[in-house]
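Trainee: Questions regarding the structure given below will be posed in turn.
Please treat every number below as a calculation from the coordinates, not as lab data. Worth saying up front: this structure is predicted, and the values here are computed from it rather than measured. Neighbour counts are summed over all protein chains in view; Cβ atoms, including those assigned to glycine, are modelled from backbone coordinates with ideal geometry.
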Amino acid sequence: MAKSPKSAAPARATPARGRTAPAAAHHTDSGPAQGPAGDPADPAARQKAEVQALAAGMPSNPTKPDEHGFVNGVAPKPGVSIAPPSRLPGASTLSEANASEKTGGVAPEGGNPTVAPLDRVRVDSTGQRLTTNQGVPIADNQNSLKYGLRGPVLLEDFILREKLTHFDHERIPERIVHARGSGAHGFFECYEPLTQYTKAAPFREAGKTTPVFVRFSTVQGERGSKDTARDVRGFAVKFYTDEGNWDLVGNNIPVFFIQDAMKFPDLVHAVKPEPHHAMPQAASAHDTFWDFVSLMPESTHMLMWVMSDRAIPRSYATMQGFGVHSYRFVNEDGDSVFVKFHWSPKAGTHSLVWDEAVKISGADPDYHRRDLWERIESGNYPEWELGVQVFTEEDAERFSFDILDATKIIPEELVPVQPVGRMVLNRNPDNFFAETEQVAFCTAHVVPGIDFSNDPLLAGRIHSYVDTQISRLGGPNFHEIPINAPIAPVHNNQRDGMHRQAIHRGRVSYEPNSLAGGCPFQAGAVQGFVSVPARIAAKEEQGKVRAKPEKFADHYTQATLFYESQTPVEQAHIAAAFRFELSKLTVPAVRERMVASLRNVSEPLARQVAAGLGMRELPEPLPRALAKPAKPEVRNSPALSLLARPGEMGIRARMIALLAADGVDGALLQAQAAALADQGAAPRIVGPHVGGIAEADGGMLQADASLENEPGFLFDAVVLPQGQGAIAALATNGLALEFVKEQYRHGKTLLVPADARVLLEQAGIPWELPDGSADPGLVPGDGNGETALKAFAQAVARHRHPERETDPPRV
Ligand code: HEM
């Protein structure tokens, strides 16, 4: 018989030889009522004696009286705990010191390593052999086990079966909403202590950093749907604070469609693909959505935002984020104020235009995912400032709108946004599934210092997230999945359930207890989470009731405020979006109902949309639920315009195409690319094909992309080449002309050397704006022109040149 080769596994440690307890100690509960007496050398006897002493130290439950009455309720006292004389009474087993390579030793005192940094679960297979999930080395990963070369595959092939079984179960249900998303790690840094308002850990000290994981998402589409759908974007931030996880689960739009969680399933059923044929994917432009929202006038304010360019962001890094609901801050004294959260991107708030979004969804459905990934890989870390609107209950009473109504904003002119910190995303996940797919956000995850308002939409959310995650992530222990585990210690008496990871030491999993010295004990008001006792006055309605507060009935004032606060070009985009969406409906009555609703927002808007839909006569305005809404405090809020938020990052992370073809002035092009890269932009040389392009002076340069694989609408700006040969080649290439035409149509900046003007002429692009003035987005550039490149960069930093726009487009 051949000798088996020596195992490559590391030498095993010899198991520790544990101390064997005397036979009497081996009795368990059904054993003698009295433990073995006295021998201090016998661990079983010592354990019994120490447990007895521990239990006797708590002759009654001393905290019981404190469970009663309002005063105790708002200021719960810490639980009582007794330090055990040794670690013995807390042990599950006397044999715990018998360590092996697998068991390790005794649990560290007061520890829970399942919350340690993610390093503990990172896996690197460099230099490792292939094994099964049981760690058995796999000799052959190419063939299943057969009875003879051409014979049947054998059931005993556990290697094949394990591989297929695992594969068969690799997918988990996608999120019921927000299925399509992308995530990243980073940190939040506090500017100044915010302790006058809140004791929440992230806001305690200037400069304090708190790790975060952020997931951005679309709402309607399935997991594999396009990134650039017209849709709300999720903006969910998990703060791993040292007092537990706080999830700020927000959107890129500060209001929502509905006011009460009771309507959320209806909203989602209406907007998702229609159930009979599962179309359209990731789009609201269909009958059921508009049928629902036109019967729900409280949606109108949100519709204005969703029909604006906010719903087609340029990038996740250029979106604002909002907590939407009113929350509460609570300070050390238990005083509370209301707060609304705002994230403002340092890169400015920038959007796509609709024609561009539609085309990108075909050429690069991962446009936003790729952009986020590439910004972080290239060190252009996306950054946001967190701002808060803080206001009191008395302020709230005075407002013309109800702060519990998620369809309302608080205009910044009424309550300014105070900057309190910044968030930087500086690390991509190692594994999409383990981190981005398995992360579980929940509005119920708050920490001491943050609390809820009575917003009835928020109340439903507090329930819904954990509930859905139990089925999405397969049981109640998904908080132990590494991305979800807090960095704060976790100790409680929850046990068991599917896929439990923690191995708890000891026999106590209840509270109160004396057998574990009262541990883990209740934290009490000073350290623990206490719900704010304050309530907005319930007035005369002390009984149970299914109805909304009166101010919720004002459905149009803030829709009008939003529309009136937009610049003309933004208003034009809103009208065009309504026109597009409503033009897709097959039921004219729904279309008319929506236009009737728009008449309550703005007559000019309703007229424009109606004209675009070929409606010769305007329908009567929809009846209003509230005939005389309160006078609004603010009728125009410039802060609501996208154009009010250019950002401070210039051309950093902008995708800039440098067109090239054989005969290009390569030295110039490479110098331009280098200068743009120096400013943090992402220059890409785009040619008729990828790879080698012959330069005019005989050298070769490498194209990063082709006109075919990265069309013009994927770039923020374009540099046209110098070199007669290249220009002549591009002037007869339809893809190059499309490239330039789309750059122009979408309002982008083009750097145009005199010789390359022919490309504009061929593409039918006028040099002047419709009013005859110079087009600021067509930057003349000649020779080595550093000045031209500077002017180009300034024009690119403006993001877009909407002055060029006409409806329909001229080009
Ligand atoms: C009653 C109203 C709402 C209900 C019942 C609800 C429910 C849900 C559910 C069940 C999920 C899937 C969670 C998962 O599988 O992990 C989800 C995801 C999400 N919801 Fe809501 N939602 C509501 C309103 C809102 C509002 C108003 C916002 C914004 C302020 C919002 C933001 C999000 C975000 C950002 C996600 C994705 C989280 C992630 O990236 O994993 N939802 N929602």
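Trainee: Quick one: LYS359, LYS544, fewest Cβ neighbours within 10 Å first, how do they rank?
Mentor: Fewest to most other Cβ atoms nearby, the residues stand as LYS544, LYS359.
Trainee: Same structure again: Note the full-extension length gain between GLN134 and HIS499 as 0.36 nm times their separation in residues minus their Cα-Cα distance, in nm to one decimal.
Mentor: Contour length minus Cα-Cα distance gives 129.7 nm.
Trainee: How many times 2.2 N^0.38 Å is the alpha carbon radius of gyration of the range 92-208?
Mentor: Taking N as the residue count of the range 92-208, the ratio is 1.82.
Trainee: Give me, ordered by chain and number, the residues 5 or more places off ALA682 or on other chains with an amide H under 5 Å from its own placed amide H.
Mentor: The answer is ALA653, ARG654, MET655, ILE656.
Trainee: Counting other Cβ atoms within 10 Å, which chymotrypsin sites (Phe, Trp or Tyr not before Pro) in the range 506-591 have at most 16 and lie in a DSSP loop?
Mentor: Answer by residue number: TYR510, PHE529.
Trainee: Then there is this: Using just the helices of the chain, give the 222 nm mean residue ellipticity in deg cm²/dmol: DSSP H runs with n ≥ 4 each add -39,500 (n - 2.57), and the total is spread over all residues, rounded to 500.
Mentor: -7000 deg cm²/dmol
Trainee: Once the mean 1/r over all distinct Cα pairs of the range 655-804 is inverted, what Kirkwood radius in angstroms do you read off? If you can, show how the numbers build up before the last one.
Mentor: On the way: mean 1/r = 0.0672 Å⁻¹.
Every distinct Cα pair counted, the radius reaches 14.9 Å.
Trainee: Based on Cα positions only, what radius of gyration and what Dmax would you give for the range 500-659, in angstroms?
Mentor: So, for the range 500-659, Rg and Dmax equal 27.5, 81 Å respectively.
Trainee: Once each part is reduced to its C-alpha centroid, what is the distance from the range 82-137 to the range 550-595 in angstrom?
Mentor: Each part's Cα centre sits 59 Å from the other's.
Trainee: Any chance you could give the angle, 0 to 90 degrees and rounded to 10, that helix 158-168 forms with the longest Cα principal axis of the chain?
Mentor: For 158-168 against the chain, the angle is about 50 degrees.
Trainee: How far apart, in nm, are two points set 7 Å out from the Cα along the Cα-to-Cβ line at GLU786 and at ARG122?
Mentor: Between GLU786 and ARG122, the label points sit 4.2 nm apart.
Trainee: From zero outward in steps of 10 Å, how is the percent of C-alpha pairs of the range 553-644 spread across the bins?
Mentor: Taking every Cα pair in the range 553-644, the percentages come to 16, 45, 32, 7.
Trainee: Using only Cα atoms and rounding to the nearest 10 degrees, what angle (0 to 90) does helix 568-583 make with the longest principal axis of the chain?
Mentor: Compared with the principal axis, the helix lies near 80 degrees.
Trainee: Between ALA625 and ASN431, what is the spin-label point distance in nm, taking each point 7 Å from the Cα along the Cα→C-beta axis?
Mentor: Placing both labels 7 Å beyond Cα along the Cβ direction yields 4.7 nm.
Trainee: Still on this structure: Going by alpha carbons, how many degrees (0 to 90, nearest 10) lie between the helix axis of 354-363 and the longest principal axis of the chain?
Mentor: Here the helix axis deviates by roughly 60 degrees.
Trainee: Arrange the peptides 472-478, 654-660, 322-328 so that the one whose residues have, on average, the most other Cβ atoms within 10 Å appears first.
Mentor: By packing density, highest mean first, the sequence is 654-660, 322-328, 472-478.
Trainee: Restricting the calculation to Cα positions, tell me the Rg (one decimal) and the Dmax (whole number) of the range 181-480 in Å.
Mentor: Here Rg and the maximum Cα pair distance are 18.7, 57 Å.
Trainee: Trypsin sites (Lys or Arg not before Pro), restricted to the range 121-205: which are DSSP loop and have at most 15 other Cβ atoms within 10 Å?
Mentor: Hits after loop and neighbour filter: ARG122, ARG129, ARG150, ARG171.
Trainee: Here's a follow-up. Under a straight-distance cross-link criterion of Cα-Cα below 30 Å, which lysines are reachable from LYS544, leaving out those fewer than 8 residues away in the same chain?
Mentor: LYS263, LYS340, LYS408, LYS628
Trainee: Three principal axis extents, largest first, for the C-alpha atoms of the range 239-338, in Å?
Mentor: 55, 31, 24
Trainee: Are there any GluC sites (Glu not before Pro) in the range 74-140 that are in a DSSP loop and have at most 14 other Cβ atoms within 10 Å? List them by number.
Mentor: GLU101, GLU109
Trainee: Given the chain, what whole percent of its Cα pairs are spread farther than 52 Å?
Mentor: Roughly 28 percent, once rounded to a whole number.
Trainee: Please list, in order along the range 207-219, the HN-Hα scalar couplings obtained from phi with the Karplus expression 6.51 cos²θ - 1.76 cosθ + 1.60 (θ = phi - 60°), rounded to whole Hz, x for Gly and Pro.
Mentor: x, 5, 10, 10, x, 9, 10, 10, 10, 9, 7, 9, 9
Trainee: For the range 346-422 and the range 484-507, write down the distance between their C-alpha centroids in whole Å.
Mentor: 36 Å
Trainee: For the peptides 337-344, 82-89, 804-811, what is the packing order when you average, over each peptide's residues, the other Cβ atoms within 10 Å and list the highest mean first?
Mentor: 337-344, 82-89, 804-811
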